[in-house]
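Here the structure comes first, spelled out in structure tokens, and everything after it is commentary.
The values are calculated or read from the model by the stated rules, or taken from the named source; none is laboratory data. Everything numeric here is computed off the predicted structure, so don't read it as measured data. Note that each Cβ is placed from the backbone with ideal geometry, even for glycine, and that neighbours are counted across all protein chains shown. Heads up: the accessible areas ignore ligands, DNA and RNA and are worked out on the full protein's heavy atoms, side chains in. Shrake-Rupley method; radii C 1.70, N 1.55, O 1.52, S 1.80 Å.
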Amino acid sequence: MPGESEIISMIRGRAREERGSGVELGIGDDAAVLRAEAGVDFLFCSDLSIEGVHFRTEWAGPELIGRKALAVTISDIAAMGGEPRYAVASVALTRGCSMQFIEKLLSGMFDLASAFDFSLVGGDTSASPGPLFIDTSAIGVCGRGRAITRHGARPGDLIYVTGDLGESALGLSLLRQGFRLDEGVSDSSDPARKARQAAIKRHLVPVPRVLAGRMIGLSKFATAMIDISDGLATDLGHIAEDSKCGAVIQAELLPVAPAVRHLGAAGGETDPVLLALESGEEYELAFCSPPEAVERIREMSQELQLPITRIGEMTGEPGLFIERDGQKVIMDMSGFEHQI
């Protein structure tokens, strides 16, 4: 494994090239210096990614591993209606990590930062006897008092989700079966192969809904919001519990991902609707809003060119339920286990 000074020198050079606004002093000193702003609240969050639990090096190259490690943290900023500004990444490297591996791992993070216009301003490196650890933290901003929490939903609010659901769990299942990402087949004439690749890419290369989260925050119509990391049923359960409400989901309204509908959930062994409810690491946004905001949400969906689908309603009756085929049954809230 390369020496720490060599790694830091490489990181420092890349960080200088991509320093964003508000960064007085970035990587290279004992701490970064960030310029404070009037009229804003800071949002802070962190995540830990562990080899063998959250990722496998035989499933994805270091660029994708680094990108996803930081993407899941940025998704938490989006879920609060914030704008990501700064990130910090610390890595505990195993003895077998080459300089090329490290460069690509960090390149994935810098590329994500560039794509969403925030700055990587610090971190640390250390050695690990195994496995590889990646610790990412992020700072975002929102208007003073405008952070969207999990506890503001009210009975009668409608429930929405961005994008579609189920593909990440399907992708994980396919990876376990031995399928791998091959980005050269996007134009394949084989529909099943294209669907498999879409699902695998969804799991390995999640896209945090930064712009959607920021627009929802600025629009001020969301009463509660969360990103879907542990599965819709579990994460919506957090909103219901914190808001002291219940929720009813309409099964026919759930936006099941096309790949799931085409292939069948995990080879047909699982109901696609249930997979959409339970699929973790989707990183779509689930939010609640009063009925009078329906038209504004429709317009936002068109502006973002992103589906935003009404899937149910918050209720005064405790518990999470799904209505399907004329029957209402309670939903399992056990959640996705981040264990590959």
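Among the residues making up the stretch 278-302, those that are under 28 Å from residue 68 (Cβ atoms) and either outside any helix (DSSP H, G or I) or open to solvent by 70 Å² or more (accessible area, probe 1.4 Å) (or both) are 278, 279, 280, 281, 282, 283, 284, 285, 286, 287, 288.
Listed here are the residues, each with its yes/no results for (1) closer than 27 Å to residue 260 by Cβ; (2) among the aliphatic types (A, V, I, L, M); (3) open to solvent by less than 40 Å² (accessible area, probe 1.4 Å); (4) touching a residue at least 12 places away in the same chain (Cβ under 8 Å).
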| residue | (1), (2), (3), (4) |
| --- | --- |
| 134 | no, yes, yes, yes |
| 139 | no, yes, no, yes |
| 143 | no, no, yes, yes |
| 151 | no, no, no, yes |
| 166 | yes, no, yes, yes |
| 169 | yes, yes, yes, yes |
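Can you report the number of residues in the stretch 112-132 which are open to solvent by 20 Å² or more (accessible area, probe 1.4 Å) and under 17 Å from residue 211 (Cβ atoms)? Of the residues in the stretch 112-132, 4 are open to solvent by 20 Å² or more (accessible area, probe 1.4 Å) and under 17 Å from residue 211 (Cβ atoms). In this structure, residue 27 does not satisfy being at pLDDT 95 or above and of a type in the set (Val, Ile, Thr). Within the span defined as the stretch 171-188, one or more residues are in contact (Cβ under 8 Å) with a residue 12 or more places away in the chain and under 16 Å from the mean Cα position of the chain (by Cα). No other residue among 138, 169, 153, 147 is in contact with a Pro (Cβ under 6 Å, 6 or more places away or on another chain) and either among the aliphatic types (A, V, I, L, M) or in a loop (DSSP other than H, G, I, E, B) (or both) apart from 138. Of the residues making up the stretch 86-108, at least one is over 28 Å from residue 230 (Cβ atoms), among the acidic types (Asp, Glu) and surrounded by 15 or more Cβ atoms within 10 Å (Cβ to Cβ). When residue 52 is tested against (1) more than 13 Å from the chain's Cα centre (by Cα); (2) at negative phi, just one condition goes unmet, and that condition is (2). Provide a single number: the residues in the stretch 66-123 that are modelled with pLDDT of 95 or more, among the hydrophobic types (A, V, I, L, M, F, W, C), assigned to a helix (DSSP H, G or I) and within 12 Å of residue 136 (Cα to Cα). Adding up the residues that qualify gives 6. On the stretch given as the stretch 308-331, residues that are open to solvent by 60 Å² or more (accessible area, probe 1.4 Å) and either part of a strand (DSSP E or B) or touching a Gly at 6+ places or on another chain (Cβ under 6 Å) (or both) total 10. Count of the stretch 232-257 residues, restricted to those that are under 28 Å from residue 69 (Cα atoms) and in contact with a helix residue (DSSP H, G or I) (Cβ under 7 Å, 6 or more places away or on another chain), is 5.
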